[in-house]
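The values are calculated or read from the model by the stated rules, or taken from the named source; none is laboratory data. If you're wondering where the values come from, they're calculated on a predicted model, not measured in any experiment. Note that each Cβ is placed from the backbone with ideal geometry, even for glycine, and that neighbours are counted across all protein chains shown. For the accessible areas, the whole protein counts, side chains as well, though only heavy atoms, and no ligand, DNA or RNA atoms are used. Shrake-Rupley method; radii C 1.70, N 1.55, O 1.52, S 1.80 Å.
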Amino acid sequence: MVFPVFLTVIFVMRNQASCLEGLLAEAAAEIAALVSDYELVIIDNASHDDSLAVLQRLTGENGLANLQVYALNKEVDMDTASWVGLENALGDYIAVIDPLCDDIGFLPAMLERAVNGAEVIFANNRQKPAQGLAYRLAYAFFNVLYRCFNDIHLAREAPQYRILSRRVVNFILQHPQPAITYRHLPASGGFARAHLSYSAPSRGRVSKHLFDSIDRGMRLLVSTTHAPMRLVTSLSLFGAVANLLYSVYVIAVALFKTDIAPGWISVSLQQSGMFFLISLVLLVLGEYILSMASLSSEGPRVYVSQEFTSTRMTRREKLNVEEALP
């Protein structure tokens with residue numbers, strides 16, 4: 001079955017020069033047989049092998065059709081790299097695929113749900129690449145914490161493998177930090193969505209760095225929810241109230257008791273008063289930070305250092321245009 005849509009497929013790749021040509025040729029053949037028109041967008045995530053040379057050759061006269069390549073100047077996380085492709089995609093539907101972990105053969109099932117009305121389609125591979133124990137524990141803790149704050153389990157409800165409609169991408173573009181909100185917003189934006197699952201072995205091992213993942217997780221938590229800062233302001237309010245009540249208790253002791261240690265009243269009032277003021281200052285600062293965070297807009301975290309496109313584009317070949325002779 002050929003779907004009458006224009007599909008953009010985004011691959012994020014790094015240091016895969018040895019298998020790059022075969023993988024892209026196989027993907028292009030599968031996509032061309034699946035939809036009426038397509039483009040294959042490759043995000044080279046700052047490879048330091050011969051990946052760029054291979055990609056430049058594949059975009060030449062004798063290379064692959066409809067290939068668009070964006071080479072990043074530094075390595076970034078998967079979400080940021082994927083968003084570089086999304087904001088440059090032209091398709092009616094955009095598929096984001098990790099070629100080592102995700103099965104492109106599952107695209108027909110996802111596209112079928114898309115043409116039937118779903119604007120967001122998530123696909124979860126039950127065969128995950130093996131990771132270290134520390135990473136798995138940290139990942140599980142993050143998902144539990146994120147679900148408590150946002151009521152979304154990212155691993156199950158918003159996996160990386162997804163198809164988004166053009167309307168969803170345009171919606172994410174309106175947010176100040178689309179590269180961050182892109183990960184969770186399709187699962188919480190109220191769009192018609194579908195969750196699919198499949199089982200396929202990975203093409204290779206994808207090693208993930210624990211500390212980089214922790215940094216990315218903390219940034220995602222802080223950027224997509226006010227719950228952590230709201231917890232700080234709640235604790236500040238609790239501290240201010242507790243110290244105020246303690247001051248009342250000290251005054252009551254001074255009024256109704258006689259056997260009090262010398263200096264206890266003055267020291268207690270001094271300490272409770274200082275902590276009350278500190279908690280009050282932290283409360284005001286926390287609320288101010290929350291207000292500024294809702295209005296702030298972060299600049300781009302990455303820019304594209306190189307860009308090249310296939311010389312041969314099948315869309316141009318299909319245009320009903322004749323070249324006028326002089």
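Restricted to Cα atoms, the chain shows a radius of gyration and a Dmax of 27.0, 112 angstrom. Comparing Asp79, Asp50, Asp103 in a Gaussian network model of the chain (Cα springs below 10 Å), the most mobile by mean-square fluctuation is Asp50.
The longest stretch of the chain left intact once loop-based trypsin sites (Lys or Arg not before Pro) with at most 11 other Cβ atoms within 10 Å are removed from consideration, loops following DSSP, is 127-204.
Considering only Ile260, Ile152, Ile251, the mean-square fluctuation computed in a Gaussian network model of the chain, springs between alpha carbons under 10 angstrom, is largest for Ile260. Fully extending the segment from Arg147 to Ser18 would add 42.5 nm, taking 0.36 nm per residue of separation and subtracting the current Cα-Cα distance. So, with a 1.4 angstrom probe, what is the percent of accessible area on the chain that is carbon and sulfur? Whole-percent figure for carbon plus sulfur exposure: 60.
Comparing Met274, Met13, Met78 in a Gaussian network model of the chain where C-alpha atoms under 10 Å apart are linked, the largest mean-square fluctuation is found at Met274. Suppose we keep just the DSSP beta bridges with both residues in the chain; what percent of those would be antiparallel, to 5? Within the chain, antiparallel bridges account for around 30 percent of the total.
Karplus-based coupling profile of the stretch 45-60, in residue order and whole Hz: 8, 6, 5, 10, 9, 8, 4, 5, 5, 5, 5, 5, 5, 6, 8, x, with θ = phi - 60° in 6.51 cos²θ - 1.76 cosθ + 1.60 and x standing for Gly or Pro. Of the residues Gln271, Gly189, Asn62, the one whose Cα sits farthest towards the positive end of the charge dipole of the chain is Gln271 (charges of +1 on Lys and Arg Cβ, -1 on Asp and Glu Cβ, taken about the Cα centre). Rolling a 1.4 Å probe across the protein heavy atoms gives the chain an accessible surface of 54 Å² per residue. Between Gln271 and Ala130, the modelled label-to-label distance comes to 5.5 nm, taking each label 7 Å out from Cα in the direction of the beta carbon. Under 19 Å of direct C-alpha separation, and excluding same-chain neighbours fewer than eight residues apart, Lys318 reaches these aspartates and glutamates: Asp37, Glu39, Glu61, Asp92. Distance between the C-alpha centres of the stretch 117-132 and the stretch 225-274: 51 Å, rounded to the whole angstrom. Taking GluC sites (Glu not before Pro) as exposed when DSSP calls them loop and at most 11 other C-beta atoms lie within 10 angstrom, the chain has its longest site-free stretch at 62-297. Near Lys128, which aspartates and glutamates are there with a Cα under 14 Å away, not counting those fewer than 8 places off in the same chain? Reachable aspartates and glutamates: Asp98, Asp102, Asp103.
Across all C-alpha atoms in the stretch 1-71, the radius of gyration and Dmax reach 12.2, 39 Å.
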